[in-house]
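Every read-out reported here was derived from the displayed coordinates using simple, explicitly stated rules and does not represent laboratory data. For clarity, every value in this text was computed on a predicted model and none was experimentally measured. Here the Cβ is made from the backbone with ideal geometry for all residues, glycine too, and neighbour counts use every protein chain on show.
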Amino acid sequence: MQGFDPEFSSIEDYIRVITERIWEGRRLDDIRRYYSADCAVETPGDVSLGVDAVIAGTRATLVAFPDRRLLAEDIIISGDAQGGYLSSHRILSPMTHAGHGAFGAPSGKPVVARTVADCVCIGNRIVHEWLVRDQSAIARQTGQHERDLAQRWLDARGGYCKPAMPAAPSPYRSIVDHNGIAAAYAESLRALWTGAGPGALAASHAADVIAQLPGGQACVGLAALQGWWSAWPEALAQASLSIEHLCASARPGRASAIAMRWRLRARHDGGGRFGAASGRGVELLGISHAEVEHGRVVREWVLLDEVALWMQILEPAKGSH
């Protein structure tokens, strides 16, 4: 663990410990210790720069959900000390909507939602982060439709304009594995968007696959997963998919794990789940995790922010700011 405090036995240990200290321990000052001063964080709806923004975002979340916990479902590691590690950290958060914040007045309702954080870790600090949270799951469980929440956020901002994410700092270079199970998994997603449709999943997924999906949804079986995906290419045309991070981790005695961060640029030219065609260009930032046995995906987690997508489709109300 070159460059990291000697108390940490591995990058996985580092991520687990600092997450627990900051969130469960409410040690927000530790963010300055474990995040670089100029850390950039990208979400599907925004980009923030600097450690102060990380602290402010953490504090605001804890005001709205004061009992929020961050339960690590998996941490998939790639990279090394010389070029920087990438930790793809999948989190399940039980919490209560007990305070005012981005989701409105407190509803008092219990909420469970997933987040995946892709963190570049160099020299005992997180220096760059991509963060995807299942905002539509939170919206639905607090009694809101994700479209209505998106409209409120859009009106508050006066429109949708997302800053560009700075390049990750040197010496880090993104890993994209072009071989084996990772490449096959990425190809199934690419084929889904570029003509083959949901049928492309038959080449990579087991018949009894279990998938966790945006909005807190889950489906069992390949046919159900294909049915869920079928509405997406119908709504979003002229799709261009780029894979930004892709790695596989062999785990003796258990399923191999895949982490993939991807970005889709398309045009909202169809109807269906996102309403009448708006003709607007949209961008999806997604992170997927998968577990593979005997060459087939048996469990999958797809993280997208449907609220951020709605914000790119809707019109801000006149006079909003």
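What ³J(HN,Hα) values, in whole Hz, does the Karplus curve 6.51 cos²θ - 1.76 cosθ + 1.60 give for region 32-42 when θ = phi - 60°, with x put for Gly and Pro?
5, 7, 10, 10, 6, 4, 10, 4, 9, 10, 9
Let's see if you can work this out: charge +1 on each Lys and Arg Cβ, -1 on each Asp and Glu Cβ, no other charges. What is the dipole magnitude of region 1-64 about its Cα centre, in debye to the nearest 20?
The calculated dipole for region 1-64 is roughly 220 debye.
Among rounded, prolate and oblate, which fits region 120-184 when a ≥ b ≥ c are the square roots of the eigenvalues of its C-alpha gyration tensor, a/c under 1.5 means rounded, and a/b larger than b/c means prolate?
prolate
Toward the positive end of the charge dipole of region 180-313, about the Cα centre and with charges on Cβ (Lys, Arg +1; Asp, Glu -1), which of ALA224, HIS205, GLY281 goes farthest?
Positive-most Cα among the choices belongs to GLY281.
Looking only at region 298-320, which residues have a backbone nitrogen under 16 Å from a spot 7 Å from the Cα of ASP208 in the C-beta direction?
298-300
What would the Debye formula give as log10 I(q)/I(0) at q = 0.16, 0.24, 0.29 Å⁻¹ for the alpha-carbon point model of region 187-233, no solvent?
Results for region 187-233 at q = 0.16, 0.24, 0.29 Å⁻¹ read -0.38, -0.84, -1.13.
What list of ³J(HN,Hα) couplings, whole Hz, do you get for region 258-272 from phi and the Karplus terms 6.51, -1.76, 1.60, once you set θ to phi - 60° and write x for glycine and proline?
Those phi angles translate into 10, 10, 9, 10, 9, 9, 10, 10, 8, 10, 7, 10, x, x, x Hz.
Just the number, please: percent antiparallel of the DSSP beta bridges in the chain, rounded to the nearest 5.
Percent antiparallel among DSSP bridges in the chain is about 90.
Which three lengths, in whole Å and largest first, does region 116-233 cover when its Cα atoms are put on their principal axes?
Result for region 116-233: principal-axis Cα extents of 43, 40, 27 Å.
May I ask for the Rg/Rh ratio of region 11-143, computed from Cα atoms with Rh as the Kirkwood radius, given to two decimals?
Computed over Cα atoms, the ratio is 0.96.
Region 192-245 to region 271-295: how many Å between their Cα centroids?
8 Å
Divide by every residue of the chain the summed helix terms, -39500 (n - 2.57) for each DSSP H run of at least 4, and state the resulting mean residue ellipticity at 222 nm, rounded to the nearest 500 deg cm²/dmol.
The helix-only estimate for the chain comes to -7500 deg cm²/dmol at 222 nm.
Please list, in order along region 296-301, the HN-Hα scalar couplings obtained from phi with the Karplus expression 6.51 cos²θ - 1.76 cosθ + 1.60 (θ = phi - 60°), rounded to whole Hz, x for Gly and Pro.
Using θ = phi - 60°, the values come out as 10, 6, 9, 9, 8, 10 Hz.
Which three semi-axes in whole Å describe the equivalent ellipsoid of region 180-313, each the square root of 5 times a Cα gyration tensor eigenvalue, listed largest first?
In descending order, the three semi-axes are 26, 15, 13 Å.
Evaluate the charge dipole of the chain about its Cα centre and quote only its size in Debye, nearest 20, assuming +1 on the Cβ of each Lys and Arg and -1 on the Cβ of each Asp and Glu.
Dipole about the Cα centre, nearest 20: 520 debye.
May I ask for the Rg/Rh ratio of region 44-92, computed from Cα atoms with Rh as the Kirkwood radius, given to two decimals?
1.05
Would you mind giving the average projected area, over all directions, of the Cα convex hull of the chain in nm² with one decimal?
Answer in nm², one decimal: 16.1.
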